[in-house]
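Reviewing the structure listed below.
The values are calculated or read from the model by the stated rules, or taken from the named source; none is laboratory data. Predicted model only: the values in this text are computed from it and were never measured. Glycine also receives a Cβ, built like all others from the backbone with ideal geometry; neighbour counts cover every protein chain displayed. To get the accessible areas, we keep the full protein, side chains included, count just its heavy atoms, and leave off ligands, DNA and RNA. Shrake-Rupley method; radii C 1.70, N 1.55, O 1.52, S 1.80 Å.
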Amino acid sequence: MSRLGLIAGGGALPLAVAARCEAEGRPVFVVRLSGFADPHLARYPGMEAGLAEIGKVLAALKKADCKAVCFAGMVNRPDFKSLKPDFKGMTLLPGIIAEAAKGDDALLRKILSLFEAEGYAVEGADDILGGETMPAGALGAIKPTPEQMQDLRKAIHVAEKSGELDIGQGAVVCDGLVLAVEAQEGTDAMLARVAGLPADLRGSPAARKGALGKAPKPIQDLRVDMPVMGSHTVELAAAAGLAGVGGVAGKLILIDHAAMVEAADRLGLFVWGETP
């Protein structure tokens, strides 16, 4: 089984990918991106690197005999002027910055092409996790009402339209009103923002309403930036008074399916996979 080079950003997804490799006996080498990667990833063989230390990363992956790479986790767009590139990074940075000006998706495609040009296969986190994506229909015991389903479908639609403009992957809708659209802050911060809205605009633990919907950007490469949900997403949605969460079936990675369903059933939220 070939060694995987895991390029790890923030959040739970890189931890899940590393744990799956370990469970299946697949050797893994974790590149922990400075300022983003979870400290617990240090238990795996690997190294820490800055975003612009491309030569250092490529040399380490080659020395570790990695044949494939996986990009997982959240990385906020950097201030390119503050980066400290190595020699390889200096030669590549102008092209990277030029693509970044076109949007996040163009930037990601550029990064992928650099690793593919070095001979690495790019594997999606969902494939490594065994296809643990959102199935169609209800995951837990709770099913959305017709009104809640309308909110969820509108939230997914808004997320898709937002994705067409390369803005984000999520939206929150309550009683047909768009309460929030995800941008650079990420899903967690968006849900915290919703929780801070006036009570008459959103639901409450005693009277839940509204939904979070997530969808991939239509032009993005799903090997590197498929939307993610987990039990933490459910907890934050519950704190915001929402009735449930959902996304496009087959195009939303689930972090710890069992924990997510347990949290949803315990808190009284639905989790729904909408058929594309």
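What do you reckon, is residue 223 modelled with pLDDT under 90 and either loosely packed, with under 15 Cβ neighbours inside 10 Å or not hydrophobic (A, V, I, L, M, F, W, C) (or both)? So residue 223 fits the description; yes.
Select from region 249-272 the residues that are modelled with pLDDT of 95 or more and part of a strand (DSSP E or B) and write down the one among them that is nearest to residue 154 (Cα to Cα). My answer is 272. Within the span defined as region 25-42, one or more residues are closer than 18 Å to residue 77 by Cα, of a type in the set (Lys, Arg) and in a strand (DSSP E or B). Hey, any hits in region 61-72 for a residue that's touching a residue at least 40 places away in the same chain (Cβ under 8 Å), open to solvent by less than 20 Å² (accessible area, probe 1.4 Å) and among the β-branched types (Val, Ile, Thr)? Checked region 61-72: at least one residue is touching a residue at least 40 places away in the same chain (Cβ under 8 Å), open to solvent by less than 20 Å² (accessible area, probe 1.4 Å) and among the β-branched types (Val, Ile, Thr). Return yes or no: is residue 250 open to solvent by 10 Å² or more (accessible area, probe 1.4 Å) and on the phi > 0 side of the Ramachandran plot? Against the criterion (open to solvent by 10 Å² or more (accessible area, probe 1.4 Å) and on the phi > 0 side of the Ramachandran plot), residue 250 qualifies. Of all the listed residues (15, 51, 92, 58), the sole one being under 16 Å from the mean Cα position of the chain (by Cα), outside any strand (DSSP E or B) and either within 20 Å of residue 115 (Cα to Cα) or not hydroxyl-bearing (Ser, Thr, Tyr) (or both) is 15.
Return yes or no: is residue 5 open to solvent by less than 40 Å² (accessible area, probe 1.4 Å), out of contact with any Lys or Arg (no Cβ under 6 Å at 6 or more places or on another chain), within 22 Å of residue 223 (Cα to Cα) and among the small types (Gly, Ala, Ser)? Yes.
Could you tell me which of the residues 142, 167 is part of a loop (DSSP other than H, G, I, E, B), at pLDDT 95 or above and either in contact with a Gly (Cβ under 8 Å, 6 or more places away or on another chain) or surrounded by 14 or more Cβ atoms within 10 Å (Cβ to Cβ) (or both)? After ruling out the rest, the residue left standing is 142.
Among the residues of region 236-247, those identified as surrounded by 18 or more Cβ atoms within 10 Å (Cβ to Cβ) and not in a loop (DSSP other than H, G, I, E, B) are 236, 237, 238, 244, 245, 246, 247.
Has region 170-193 got at least one residue that is over 30 Å from residue 5 (Cα atoms), in a helix (DSSP H, G or I) and open to solvent by 20 Å² or more (accessible area, probe 1.4 Å)? Yes: one or more hits. The residues in region 110-132 that are among the charged types (D, E, K, R) and not in a helix (DSSP H, G or I) can be counted, and the count is 3.
To keep it simple, each residue is scored yes or no on (1) charged (D, E, K, R); (2) at pLDDT below 90; (3) over 19 Å from the mean Cα position of the chain (by Cα).
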position: 109; (1), (2), (3): yes, yes, no
position: 112; (1), (2), (3): no, yes, no
position: 119; (1), (2), (3): no, no, yes
position: 123; (1), (2), (3): yes, no, no
position: 127; (1), (2), (3): yes, yes, no
position: 135; (1), (2), (3): no, no, no
position: 150; (1), (2), (3): no, no, yes
